[in-house]
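Student: I have a structure here, written as structure tokens, and I will follow up with some questions on it.
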Amino acid sequence: MKREIWQRLGQRIVFLNLSRYLALIILFVIASLLAPGFLSLQNVMNLLRSFSFLGFISIGMTFVILSAGIDLSVASILAFSGVVLGLFQHWGIYMGHVDKLSLIFPTPYIFFSVLAIGTLLGFVNGLVITKLNIVDFAATLGMMVFARGLAFAISGGRTIFNLDDLALFMGRGMVGAIPFVAILWVSAIVVCTVILRYTIFGKNLYACGENPEAARLSGINPIFYKIAVYSISGFFAALAGICMAGRLNLGEPRVAQGWELDAIAAVVIGGTSFAGGKGGIVQTILGVVIIGVIRNILSVLGILPDPQEMIMGLVLLLAVIFGSLGTRKGSLAHV
Amino acid sequence: MKKKLLLLIGVLLLAAALLGAQGKKILIGFSHVAMNCPYYLAMDKAAKETAAAKGAEIIVLNAEEDISKQIADIESLIVKGVKGLIVNSTTEYGTMPIIKKVKAMGIPVVAIDRPLYGDYLAYVGIDQWKAGELQGELFTKKLLPAGGNIVLIIGDPGCPASIGRGNGMISILDRPENKGKYKILGTYKASYNQMLGMQKMEEAIAAFGDKIDLVYCANDSMALGALAALQNAGMTNVLVAGIDGQKEAYAEILKGGQYKSTVINNPTEITQKAVSILVDYLTKKIQPKERNVITGTVLITADNVKKVYDPNSVF
Amino acid sequence: MNQQATTLLEVRNITKSYPGVLALDNVDFQVNAGEVHCLAGENGAGKSTLIEIIGGSYSKDSGKILLHGKEVEFMSPRHAQELGIAVLHQEIPILPHLSVAENIFLSRQPVSKTRFIRYSEMYRQARRLLDTIQADIDPHTLLGDLPISKQQLVSVAKALSLEARVIIFDEPSAVLSSAELKRLFDIIKSLKKEGRGIVYISHRLEEIFEIGDRVTVLRNGKLVGTEAIEKIDRGTLIKMLVGRQIDESAGASIKVAQTKQVPALEVRGLRREGVFEDINLTVYRGEILGIYGLVGSGRTELARAIIGADRPDTGEIILEGEKMRISSPRDAIRNGICLSPEDRKSQGLFLEKSVQENICLPSLKSLRNMLFLSYSKIAKYASAFVTRLRIATPHLDQYVKYLSGGNQQKVVLAKWLGMDLKVFIFDEPTRGIDVGAKEEIRILIKKLAQEGKAIVMISSEIPEILNLSNRIAVMHEGRIEGLLQREEATREKLMAYSMGAKAQ
Amino acid sequence: MKLKANHVLADYGLYLILLVLIVISVILSPLFFSYNNIANLLTQSSFSGLLAIGMTFVILMGGIDLSVGSVVGFASILYATILHGSFFTFMPEEIFIYSGAPKLTPILPLPFDVLFVLLVGAFIGLISGFISYRFRIHSFIVTLCFMIFIRGLAVSYTHGQPLFGIPDPISFLAYGLVAKVPMPTIIWLGISLLCFLLLKFSRFGRGIYAVGGGEEAARLSGLEPAKYRIFPYIASASLAALVGIMMSGRMGCGDPKIAQGWELDAIAAVVIGGTSLSGGKGSIGGTVVGVLILGLIINIMNLLEIEAYPQQMAKGIIIVAALALHALFSRRRKR
């Protein structure tokens, strides 16, 4: 009986996705109590910026997980695109620490080509999964190792220092008081939300995610959507890569190691189900923000990185357990 | 089928043997800790050049700061039949057992840049502790005579370089006359990498904000990263100090900005020494004069930076 | 049955409630040795809950379970099995990657003294069990490779291996063709002779009357009554089931016009390696073409091939006189052919999506303002169908998985009605639906035909076929064995053809 | 006849691949067949091999365990701390505490401290397994949280410091030779054999297959899923702990930072070994071969003096290629 009450409560909470908003608000309160400056414009903007990078790949990841897939390769693609950007801006010179720029072609084109490359890698993921029918996990695991290796190989493992101003603007630029990255990110959120809620593409994507066979018999082509989502994921990874490189002012093959897991965690904390077909961008953003804020709080508390990780792990675990309460089958059904 | 296979193998082995016989060049191995900052790259370059000059063949393997990979590297170097080893050990003790094994096989080991625990032919590098002390002196005498809060960014815990450079500096702070004046706010680990240096500094800023008076990094790459982070946060009054004498660092010191000091630790020099010691020992049976070859450590500040700065140098 | 027969299992005023619903409201039920006790009731009447409780999957809220007269508490399916109760579930639980033998002896494999599994022994025992029910199945084959009907036999074998005194069949007929069903009945009869107690659940009244000794009827969680079969007739049983009188031939009142002139869909020499061969069919506007055949006779595969879900090797599909290149369901739908698949839950519907979304999915194109979907249009569109088809749902956002089978089927229909399609293919449209809903669906299908649509209806329920179709094609082993006008079609002929025996 | 050939391919294709690879390596490098090299190959495969065995259990059951790498690091440092007589005591803020010659003050006699560490490992597995089972949370997420948490824990309580000083018996586990066979290999293959027997010839083992094939089905056919769902995590975690101890022996010290990303190597090996990520299908034999294949590729590329980075790329490609072959073979079989 007692358990049922819990279940019902849980169901209501989960249904309204309230628990997460609640958690977020509580976090904000705690934070602003701990650090008076927390809600200051300055800090909020910093937070926004720090969310954005993880945020980008989380958006891509959302698409993938909605289609009942998983993409382990995002972080590697991110690093790879950063390196490519660096190389394209130091074209011809002996790779490595040179401060003289030599663009292969104007920066905007470089951006486009990097984005294209990222998308292509994602596309390859989709192709491998659908055409060679390999499980998403394994296929993207392969791409993860491959792309990271590629990033190291083309840069010879070196850090490529100094990018041009446009690239820096992507990462560091401010529009008024607002970081440019944040603007980019928020607009990406808006666009993707619209795509998912108000276009046939979105609806069909959800359908394919939940039940590919049924989708197929209703005249939808699941293969197309599979490939599409991975391409999207690749695109956002590349975008994040460009911004990250701009922020660090270097192309670094070691960047963002393990971020794919953070992104997945964010998506799941947000309440998008591994089983596919359930969830959305907004939830994901929630997850990203929650994770980011917790990290920030821990830093503000002056907790050093290592214990931070530990606490982070615990908090995530609790968050997930709480999210799973009530729903009989659990919020993240076994795939 | 099987017969054919065996035959094939036999032939190949024979051919290989012949090839081996022709190659008179002596083969040495260099198990390098990582390639993630200019310092290591310079070492890599120097090693190859010196070896070539000395008429030796060298294989450089990069452990990516993973001790278990380094052990595996050393093992595969042995398989390739190197006659001597240069090791830049990831952690001070981690390579001890494998070094013991190598020694047992009669392969001499030269430790470079980072002292390691075990029976080695020679160690070539700076006196890490002294480098730390020099910086400590500078802080207490010049930069923060009145005392202050210091953020420490080291490479890897357990890396002898970090231990020496860190403890050396701390030992000065712990002197009776400085007791209580200085506080280490936190110690961050950035594995000698500029990007990580920047990210860790950002975390430190988030944690301690304006409390920070000075950032002391175990090498210049991380210091440069930290510098970038500080500049992004607009904290231009926080002082920065590094070690190694990377030319970008010189440039910063030259500007006379918040980047105050570094200590020369010339990768090219130590690598050249190490390689020649090993090759001489192997070819001409020359025992190194002293077991610990300590290269010069000079504190570089705005006063003497002009003398050493060379924009076109490798490092 | 005679009262002095020993009661194996008795259930006394069991009550079970889920959040919101009262699934069972003190229900009594008992099974005697050597009887077949049928359990009947519309979907949601509580049949499955009852057997889940007997089978130990669910726990009861209150009430007693007596086994051989003494009270017991079933902790888990395993516990129930140990006490000699076996449930053959509707969706047969199979472990596709394990061999038949292992599925039978799972966790009870014969082991040596050193606790090592003795495979040879296991296969021998499995062989013996399968022989006792004359199932020609190799115990080494992976269960996943067997057709459903054979899987059913395997689970019967498992029940035997459990030495079960009480065996519960949950709608076995749903997955069996009549011939296979006959076989199953023989087995049941022999089990009955051995003095086991059988509980048999089915929606098909004729089966109940054929096999049953007693019947217990449930209606929304309450016990309506238990009757000896010979004491009651069809009409009263239906009354007990539905609670009201319904005329089974309501559908028949609607006459379907025979417009032979315009052929809507023609299939010429369709062939798929090892599945079906030289299929030639023509469906005319406004007619219902029934396709009858045993499970595995290739009828479902044929339907899938027509709409391009599976690629046929040769053959052409002609829609209203012009040849079609159909390589995917997508093309089929574009050209006006749709399929309501056999396996509703896993192929026809998105259970985790709302009624509205399910209905609108294929026709979203027409529900946009410029580029973007208009939710107001969608809602209007969906609610129109909900009212028109009398889909019983609290609101449009109800998840489909919470609807009854009948309403789910209606949702599947609604999906297609909205777009003007020319050919509708129904694969088992009324499988596993309760009597009332069955009729509604049939009437809907007829109405469609009246509107001049061409309809192909696959079914393994002979009465349904005879009642609805204008013409009936009977399939056997991937060939069309015979094509009958409704007038000439009889139950016997259909059976004979479906068994492959050409009637003279 | 043809059909038969396909069956052979489907069932033994993997071993075929291994054979082909061996032949190629022999042709490519004369060094390959030297005793030293083979010993190397085996030793280096053994550690990831042990992890892969545990992972096989988990994946057979239909889950995934990302925490093994962290557990290795944790076990390694925990073991060392125990040897230094400090029990779960967090190190003080100073980072350089453990430089200088060590003095071993074990709090438990030799076999027991090892046992203790193994038990701790098992306990970790128990917890993660239980949470995943009880709350119906996808094991990916649970173990992801544990991965973060345990790594944080390990690094926290010595501040990332390695702890020097490991008794000889343990180094023997890592370097010892028995009849010219490296000790780690003996342990690895020994345990593989045991697990093979467990999975093939015990009711419990078959139960794991069953639950992996379909939990509900297994339950209805009379299995109690709980133990089958939880045991694999215990196995995998305690094997990870064992690896941690052996690694300590290999390094002569406990180091909390080792084995980062090894979980993915283990998973890769398992899937290359033909165990399906959806559970219920696969074998220990396959896993062993998978490990060998990966090890072989790396080894031969080392011998050919291919740089580390291209090696990584190759690894990625191999994962995908192997799986593609699997898919191909099994599709051929279905025909």
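Student: Quick one: angle between helix D:308-334 and the longest Cα principal axis of chain D, in degrees between 0 and 90, rounded to 10, please.
Tutor: That works out to roughly 40 degrees.
Student: Sticking with this structure for a sec: Determine the shielding of peptide D:25-34 by partner chains: average, over its residues, the number of Cβ atoms on other chains within 10 angstrom of each Cβ. Mind dumping the intermediate values first?
Tutor: Working: counts 0, 6, 4, 1, 4, 10, 7, 4, 3, 3.
Rounded to a whole number, the mean comes out at 4.
Student: Where does chain D land at 222 nm, in deg cm²/dmol rounded to the nearest 500, when only DSSP H runs of n ≥ 4 count, each adding -39500 (n - 2.57), divided by all residues?
Tutor: My calculation for chain D gives -24500 deg cm²/dmol from helical runs alone.
Student: Just to confirm my numbers, what's the Cα centroid distance between region B:151-187 and region C:21-98 in Å?
Tutor: Answer, in whole Å: 72.
Student: Taking neighbour counts of Cβ atoms within 10 Å as a proxy for exposure, in what order, fewest first, do C:Glu194, C:Glu481, B:Glu137 appear?
Tutor: With the fewest neighbours first, C:Glu194, C:Glu481, B:Glu137 line up as C:Glu194, B:Glu137, C:Glu481.
Student: Give me a single rounded figure for A:263-269: the average over its residues of other chain Cβ atoms within 10 Å of their Cβ. Kindly include the intermediate steps, with their values, before the conclusion.
Tutor: Working: counts 0, 3, 5, 0, 0, 5, 1.
Taking the mean over all residues of the peptide, I get 2.
Student: Testing the spin-label approximation: label points 7 Å from Cα along Cα→Cβ at C:Glu210 and D:Val178. State their distance in nm.
Tutor: Reported label-point gap for C:Glu210 and D:Val178 is 6.5 nm.
Student: From the helices alone, meaning DSSP H stretches of at least four residues, give me the mean residue ellipticity at 222 nm for chain A, per-run term -39500 (n - 2.57), in deg cm²/dmol to the nearest 500.
Tutor: The helix contribution divided over chain A gives -24500 deg cm²/dmol.
Student: Follow-up question, since we're still on this one. List, in the order given, every pair from C:Lys422/C:Lys447; B:Lys80/B:Lys289; A:Lys203/A:Lys278; B:Lys103/B:Lys285; B:Lys45/B:Lys189; B:Lys25/B:Lys54 whose Cα-Cα distance in the structure shown is over 19 Å.
Tutor: Numbers: C:Lys422/C:Lys447 14 Å; B:Lys80/B:Lys289 29 Å; A:Lys203/A:Lys278 11 Å; B:Lys103/B:Lys285 16 Å; B:Lys45/B:Lys189 26 Å; B:Lys25/B:Lys54 10 Å.
Exceeds cut-off: B:Lys80/B:Lys289; B:Lys45/B:Lys189.
Student: What helices in chain A pass both tests, a Cα length along the helix axis of 20 Å or more and a mean Kyte hydropathy of 0.0 or higher, using whole DSSP H runs? Don't jump to the answer; show the numbers that get you there.
Tutor: Details: long enough: A:2-16 (21 Å, -0.37); A:18-34 (24 Å, 2.32); A:41-66 (34 Å, 1.42); A:74-89 (22 Å, 1.99); A:107-131 (35 Å, 1.48); A:136-155 (28 Å, 1.36); A:180-198 (27 Å, 2.25); A:222-248 (39 Å, 1.34); A:281-300 (28 Å, 2.09); A:305-324 (28 Å, 1.28).
TM-like helix candidates: A:18-34, A:41-66, A:74-89, A:107-131, A:136-155, A:180-198, A:222-248, A:281-300, A:305-324.
Student: Now for a separate question. Take the alpha carbon gyration tensor of chain A, find the square roots of its eigenvalues, order them as a ≥ b ≥ c, and report rounded if a/c is under 1.5; if not, report prolate when a/b exceeds b/c, else oblate.
Tutor: Note, shape of chain A comes out oblate.
Student: If you take each beta carbon of peptide C:372-381 and count the beta carbons of other chains within 10 angstrom, what is the mean?
Tutor: Whole-number average of other-chain Cβ neighbours for C:372-381 is 2.
Student: Then there is this: If packing is taken as the average count of other Cβ atoms within 10 Å, what order do A:240-248, A:306-314 fall into, highest mean first?
Tutor: Details: A:240-248: 28.4, A:306-314: 20.7.
Most protected by this proxy first, the peptides run A:240-248, A:306-314.
Student: With a 10 Å Cβ neighbour count serving as the proxy for reagent exposure, in which order, fewest first, do D:Leu199, A:Leu239, D:Leu28 appear?
Tutor: Values: D:Leu199 20, A:Leu239 28, D:Leu28 14.
So the ranking, lowest neighbour count to highest, is D:Leu28, D:Leu199, A:Leu239.
Student: For helix D:284-303, report the angle its Cα long axis makes with the longest principal axis of the Cα atoms of chain D; keep it between 0 and 90° and round to the nearest 10°.
Tutor: 70 degrees
Student: Mind checking the angle between helix B:67-79 and chain B's longest principal axis? C-alpha axes, 0 to 90 degrees, to the nearest 10.
Tutor: For B:67-79 against chain B, the angle is about 30 degrees.
Student: A further question on this structure: Most fluctuating residue of B:Lys200, B:Lys142, B:Lys54 in a GNM of chain B with Cα springs under 10 Å: which is it?
Tutor: Looking only at B:Lys200, B:Lys142, B:Lys54, the largest GNM fluctuation is found for B:Lys142.
Student: Any chance you could count the Lys pairs in region C:55-184 whose alpha carbons are under 23 Å apart, treating pairs 8 or more apart or on different chains as valid?
Tutor: Going through region C:55-184 pair by pair, I get 4.
Student: Given the -39500 (n - 2.57) contribution per DSSP H run of 4+ residues, what per-residue ellipticity at 222 nm results for chain C, rounded to the nearest 500 deg cm²/dmol?
Tutor: Numbers: 17 runs with 164 residues, N = 504.
Theoretical 222 nm ellipticity from helices: -9500 deg cm²/dmol.
Since every read-out is calculated from the coordinates, none of them should be taken as a lab result. This one's a predicted model, so the numbers in the text were calculated from it and none came from an experiment. Please note: Cβ atoms are built from the backbone with ideal geometry, for glycine as well, and neighbour counts cover all protein chains shown.
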